[in-house]
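Have a look at the structure below before the remarks.
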Amino acid sequence: MIGSGFLRVSRQMGLPGWTPAHQERLESRRVFLAGVGGVGGIVAQYLAMGGVRELVLVHEGKLELPDLNRQTLMEVSGLGKSRVAQAASRIGRQVPECQVTAIDARVSPALSSLIASSDLVIDARTNFEERFLLNRLAKLASKPLIFSAMHGMEGIVAYLRPGKGACLECVFPEGDPEWDPLGFSVLGAISGTVGSLAAVLALRFLSGYDWEEEERMTVFEGMDLSTRSFALARNKGCCLCKDSQDERPAQREDVE
Ligand SMILES: [Zn+2]
């Protein structure tokens, strides 16, 4: 970053192997982020602070008091007001160099051009209707997708390449997992952990820092603080992928 922004990122530029080229890449990237709640809000903050040039934030709805156990971009003064507008305003105060576009809406095909002009799509929504639509729009635009989700004390993040490798429907071929609908119980710190994991993945992808192009899923278990990580592959039975050419080697096993 130029000027005051350089000092902001000086600590991450001291990381072993982190070069000016990694930082320059970050500062040329645009990210489409669906969700600015407990998970997505953390992602948005760390991407902006890391130097990402532009964020397109998409989230429908107004702030309610029960949101405030986890949604770190929100404030009591914003109760009853648009969450995504508050997120954009807060990031604008924290990182003025980051360009933020706020859209108070659900994920829809009307947002296709914004997805197509982004370098990465991040899913931090809570319902699988929007998640699966985002997966399909990412496939249409040939954009990689980072999936981030939590349920109870468990969190999941995954790097996916809809249309090229594994997509979200490959991972959840039966449709929505049997997770509780909106209003499920949430420990704010679990949301924050999942958001941080997704942000690490996104910053490494966007900068190219120690990045290996491979679809992977990491599951975080909050009860014993353990993680497990494994490679993903396209599911031969996936409705979305069955007509796509697979550029991955054939020996990988399908996801169960
Ligand atoms: Zn698929």
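The values are calculated or read from the model by the stated rules, or taken from the named source; none is laboratory data. This is a predicted model, so every value here is computed, not measured. As a convention, Cβ positions derive from the backbone with ideal geometry for all residues, glycine included, and neighbour counts pool all protein chains shown. These area figures cover heavy atoms from the full protein model, side chains too; ligands, DNA and RNA do not enter into them. Shrake-Rupley method; radii C 1.70, N 1.55, O 1.52, S 1.80 Å.
What the table below lists for this structure:
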{"read-out": "Segment 142-154: number of residues that are more than 22 Å from residue 236 (Cβ to Cβ) and either surrounded by fewer than 19 Cβ atoms within 10 Å (Cβ to Cβ) or of a type in the set (S, T, N, Q) (or both)", "value": "5"}
{"read-out": "Filtered residues of segment 108-130 (kept if surrounded by fewer than 23 Cβ atoms within 10 Å (Cβ to Cβ) and within 16 Å of the ligand (Cβ to nearest atom))", "value": "128"}
{"read-out": "Residue within segment 155-174 that is surrounded by fewer than 15 Cβ atoms within 10 Å (Cβ to Cβ) and either more than 14 Å from the ligand (Cβ to nearest atom) or of a type in the set (Gly, Ala, Ser) (or both) present", "value": "no"}
{"read-out": "Scope segment 119-155; condition in a strand (DSSP E or B) and within 11 Å of the chain's Cα centre (by Cα); matching residues", "value": "120, 121, 122, 123, 145, 146, 147, 148, 149"}
{"read-out": "Scan of segment 201-213 for residues that are surrounded by 12 or more Cβ atoms within 10 Å (Cβ to Cβ) and in contact (Cβ under 8 Å) with a residue 12 or more places away in the chain, ordered by number", "value": "201, 202, 203, 205, 206, 207, 208, 209"}
{"read-out": "Segment 175-193 - residue that is away from the ligand (no atom under 16 Å from the Cβ), touching a helix residue (DSSP H, G or I) at 6+ places or on another chain (Cβ under 8 Å) and open to solvent by less than 30 Å² (accessible area, probe 1.4 Å) and, of those, nearest to residue 134 (Cα to Cα)", "value": "191"}
{"read-out": "Members of segment 201-216 found to be in a helix (DSSP H, G or I) and hydrophobic (A, V, I, L, M, F, W, C), listed by number", "value": "201, 202, 203, 205, 206"}
{"read-out": "Pair list, Cβ under 8 Å, 6 or more apart: segment 230-241 residue without any contact (Cβ under 8 Å) to a residue 40 or more places away in the chain, other residue more than 6 Å from the ligand (Cβ to nearest atom) and aliphatic (A, V, I, L, M)", "value": "230/217"}
